[in-house]
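Quick notes on the structure that follows.
The values are calculated or read from the model by the stated rules, or taken from the named source; none is laboratory data. None of these values were measured; they are calculated from a predicted model. Note: ideal-geometry Cβ built from the backbone for every residue, glycine included; neighbour counts use all protein chains shown. The protein model used for the area step is the full one, side chains on, heavy atoms only, and it has no ligands, DNA or RNA in it. Shrake-Rupley method; radii C 1.70, N 1.55, O 1.52, S 1.80 Å.
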Amino acid sequence: MKETVIKTEKLTKKFGNFIAANAVSFEVKKGEIFGFLGANGAGKTTAMRMLCGLSTPTSGKAQIVGYDIYKQTNLIKKNIGYMSQKFSLYEDLTVVENIRFFAGIYGLSNQDIKDKSAHLIETLGMQNESKKRVGTLPPGWKQKISFSVALLHEPKIVFLDEPTGGVDPLVRRQFWDLIYAAADKGITIFISTHYMDEAEYCNRISIMVDGSIKALDTPVHLKHQFNAKNMDEVFYELARGAKRRE
Amino acid sequence: MRTIRFLLQKEFTQIFRNKPIMGMMMIVPIVQLLILPLAANYEVKNINLAVVDHDHSTYSQKLVSNITASGYFRLISFGNSYSKAYQLIESDQADLILEIPPDFERNLIRDNKQKVLIAVNAINGTKANLGGAYLNTIIRNYNEDIRMQFVQNEKKSPIPLIEIKPVNWFNPLMNYNLFMVPGILAILVTMIGSYLTALNIVKEKEVGTIEQINVTPIKKHHFILGKLIPFWVLGLLVFSLGLSISFIVYGIIPLGSLLLLYEFVALYLLSVLGLGLLISTYCETQQQAMFIAFFFVMIFILMGGLFTSVESMPPWAKIVAKLNPVTYMIEVMRMIVLKGSGFNDILPHLVKVLLFALFFNSWAVWNYKKTS
């Protein structure tokens, strides 16, 4: 049995009367690729922000790599990587400068920064682009750099909030290669997405409807359970009942 | 410390790459210092004067020529109808009417007494006031000249007259630039400090990069210092640039200690940076930040005694001025640059600016949240 890296119990976030995330409970094991699905406004981003320490829960419990979500946010932050749907590198800095900056504020040593950025640029095959400003690169490249930067400090979990929004299928494919490579190294991947083909790539998926988790299992089991041909049908079956619309 | 080094490196790289901002930081001090002191001048010239002369005597002629010779007035009409002159005021062609009554010369000599009428177009308050005052002075001088003649001619004892001879301390030639330039330097530092800080932080919110910073274990005070230090340095640089321009162009050399001046500016910058930071914690978009920063800076500048002295404000406005860091900055600039004030003279100001710095920064730090 692999160790549990994310454990939530009835995690809830309210904004006034609005319950964005309602008693969310689940567990994620080390090295898992955990898909986090749901329609727009279902509460995915809210839940993910709580897990990353960006937002304080209203009630409920959660532990991330063994640290308490209320009291030990700084320890959590040292051990997680995060990549949001908004592109989050500095566009007016070059690829190398971005790597250096983020590695630096995570406290990596100068030698480490040098080695890692050289390695990263080589892996991504970006020798020619390393001195270019990030803003001038195509979206697919930016996404890949973002993901690699989120892994620089060797986190135990990486949270990806709709990372592949707006990129072409080829880049998405390449992006998933990076995800698999990271998961092989034992890094837990927590990913939210709207693409059902991507859902099939996950080890387990949860589907959120109106702030609560309505289904949680492997893609194969879910299809069986809902008697569906593919994930699209599963998702449709569940999301159809949603009352909330963005 | 190492974290701050990375933050500063990133911040300075970004600022120096931002060509429009860099350009503006050079242009703003140059333009403000070259144009404002020359244009925003209280000295009123070219006052349009309409003279209505009902007397047509040697004396009235002499009065009018005295007035035009002063260089402040432009004689635009000379006639004998008040209503015509009044039409000129109505059509905004004239600012002042001087009406010389009939028998001006005769009454002046025989009765030793005469009255003239000055009508002022008060729409432009400053011009009207000063124009009226200039005209008064000229007429008084003219009056004295005439008395002197009588005294000599008729060997009468002169009527004692109190003559006022002002001596202008600290600015003997009443050089207007000397008064304005230190004030404009104060404004420059205020603008750079507050606008740039506020916009810089809000930009990170808008683009979303702040989210990426917030998921890192970076400490709140590291992040804030990383934002404040670059603009503190830039503020001091722009101030030095402004000081150099005021020396090169206007020959202004601070009478007091340059070190003391820098010490005060360094502290003052902390308070305006704090204001910028505070604004940024309440704004989500650069548009909001710009508008709010503009509002405060405008009020601060108008209430800070740059154009109108704080002493002549109504009591309630004096309170506003006292709650305004810019007031102290402008005062201290003038004190050190023009009067050569020392540390003890500016100590009360120093303390107040320190309090402002503490107030704005602690409020901003308190309101700055890494989590929601």
Just a yes or no: is a residue in the range B:309-319 surrounded by 20 or more Cβ atoms within 10 Å (Cβ to Cβ) and of a type in the set (V, I, T)?
no
Please work out which one of (1) within 19 Å of A:N40 (Cα to Cα); (2) in contact with a Phe, Trp or Tyr (Cβ under 6 Å, 6 or more places away or on another chain); (3) modelled with pLDDT of 90 or more is the condition A:E237 fails and give its number.
(3)
Which one is most open to solvent (accessible area, probe 1.4 Å), of the residues in the range B:1-58 that are in contact with a strand residue (DSSP E or B) (Cβ under 6 Å, 6 or more places away or on another chain) and among the polar types (S, T, N, Q)?
B:N46
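Suppose we filter the range B:304-346 for residues that are part of a loop (DSSP other than H, G, I, E, B) and among the polar types (S, T, N, Q); how many remain?
4
With a cut-off of at least 2 residues that are within 14 Å of chain A (Cβ to nearest Cβ), name the helices (runs of 4 or more DSSP H) lying wholly within the range B:1-74.
Those helices (runs of 4 or more DSSP H) span B:2-17, B:19-39.
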Give the number of residues within the range B:278-299 that are over 12 Å from B:Y195 (Cβ atoms) and crowded, with 23+ Cβ neighbours inside 10 Å.
1
Determine whether the range B:79-98 contains at least one residue that is assigned to a strand (DSSP E or B) and more than 21 Å from B:T137 (Cα to Cα).
yes
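What residue, among those in the range A:72-101 that are hydroxyl-bearing (S, T, Y) and touching a residue at least 40 places away in the same chain (Cβ under 8 Å), is farthest from the other protein chains (Cβ to nearest Cβ)?
Looking at residues that are hydroxyl-bearing (S, T, Y) and touching a residue at least 40 places away in the same chain (Cβ under 8 Å), I get A:T94.
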The correct count of residues that are open to solvent by 70 Å² or more (accessible area, probe 1.4 Å) and either among the basic types (K, R) or touching a residue at least 24 places away in the same chain (Cβ under 8 Å) (or both) in the range A:204-246 is 7
Can you name every residue in the range A:72-90 that is charged (D, E, K, R) and either farther than 10 Å from B:P217 by Cβ or not in a helix (DSSP H, G or I) (or both)?
A:K86
Matching residues in the range B:117-154 - criterion: being aliphatic (A, V, I, L, M) and either open to solvent by 80 Å² or more (accessible area, probe 1.4 Å) or in contact (Cβ under 8 Å) with a residue 40 or more places away in the chain (or both):
B:I123, B:L130, B:L135, B:I138, B:I139, B:I146, B:M148
What are the pairs with Cβ atoms under 7 angstrom where one residue, in the range B:155-182, is more than 30 Å from B:G242 (Cβ to Cβ) and the other, located anywhere, is open to solvent by less than 70 Å² (accessible area, probe 1.4 Å) and at pLDDT below 75? Sequence gap at least six, or different chains.
B:K156/B:F150; B:P158/B:V151
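Collect the residues in the range B:59-97 that are of a type in the set (D, E) and open to solvent by 70 Å² or more (accessible area, probe 1.4 Å), keeping them in residue-number order. So that I can check it myself, show each step before the final result.
Here is the first cut: in the range B:59-97, the ones of a type in the set (D, E) are B:90, B:92, B:95.
Result: B:E90, B:D92.
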Any hit, the range A:135-144, residues being more than 21 Å from A:K86 (Cα to Cα) and more than 20 Å from the chain's Cα centre (by Cα):
no
Take the residues in the range B:337-357 that are free of Cβ contacts under 8 Å to residues at least 40 places away in the same chain and aliphatic (A, V, I, L, M), then tell me which one is farthest from B:W232 (Cα to Cα).
B:L347
Return yes when B:F231 is of a type in the set (F, W, Y), farther than 30 Å from B:N171 by Cβ and in a helix (DSSP H, G or I) and no when it is not.
yes
If the requirement is being farther than 30 Å from B:G208 by Cβ, of a type outside the set (S, T, Y) and assigned to a helix (DSSP H, G or I), which of these qualifies: B:V353, B:V272?
B:V353
Take the range A:40-68 and flag every residue that is open to solvent by 30 Å² or more (accessible area, probe 1.4 Å) and charged (D, E, K, R).
A:R49, A:K61, A:D68
For the range B:188-214, how many residues meet the condition of being more than 10 Å from chain A (Cβ to nearest Cβ) and open to solvent by less than 10 Å² (accessible area, probe 1.4 Å)?
9
Residue, nearest to the other protein chains (Cβ to nearest Cβ), within the range B:323-366, restricted to residues that are of a type in the set (S, T, N, Q) and open to solvent by less than 20 Å² (accessible area, probe 1.4 Å)
B:N324
Give me a count of the residues in the range A:108-123 that are surrounded by fewer than 16 Cβ atoms within 10 Å (Cβ to Cβ) and either facing chain B (nearest Cβ under 7 Å) or within 22 Å of the chain's Cα centre (by Cα) (or both).
1
Among (1) more than 9 Å from every other protein chain (Cβ to nearest Cβ); (2) under 25 Å from B:T3 (Cβ atoms); (3) free of Cβ contacts under 8 Å to residues at least 60 places away in the same chain - the single one A:F147 does not satisfy:
(3)
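Residues are listed down the side, and each one gets a yes or a no for (1) among the aliphatic types (A, V, I, L, M); (2) in the same structural domain as B:S244 (by TED's automatic domain parsing); (3) at pLDDT 90 or above; (4) more than 18 Å from B:F231 (Cβ to Cβ):
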| position | (1), (2), (3), (4) |
| --- | --- |
| B:E11 | no, yes, yes, no |
| B:I15 | yes, yes, yes, no |
| B:I21 | yes, yes, no, no |
| B:M26 | yes, yes, no, no |
| B:L34 | yes, yes, no, yes |
| B:H56 | no, no, no, yes |
| B:K62 | no, no, no, yes |
| B:N66 | no, no, no, yes |
| B:Y72 | no, no, no, yes |
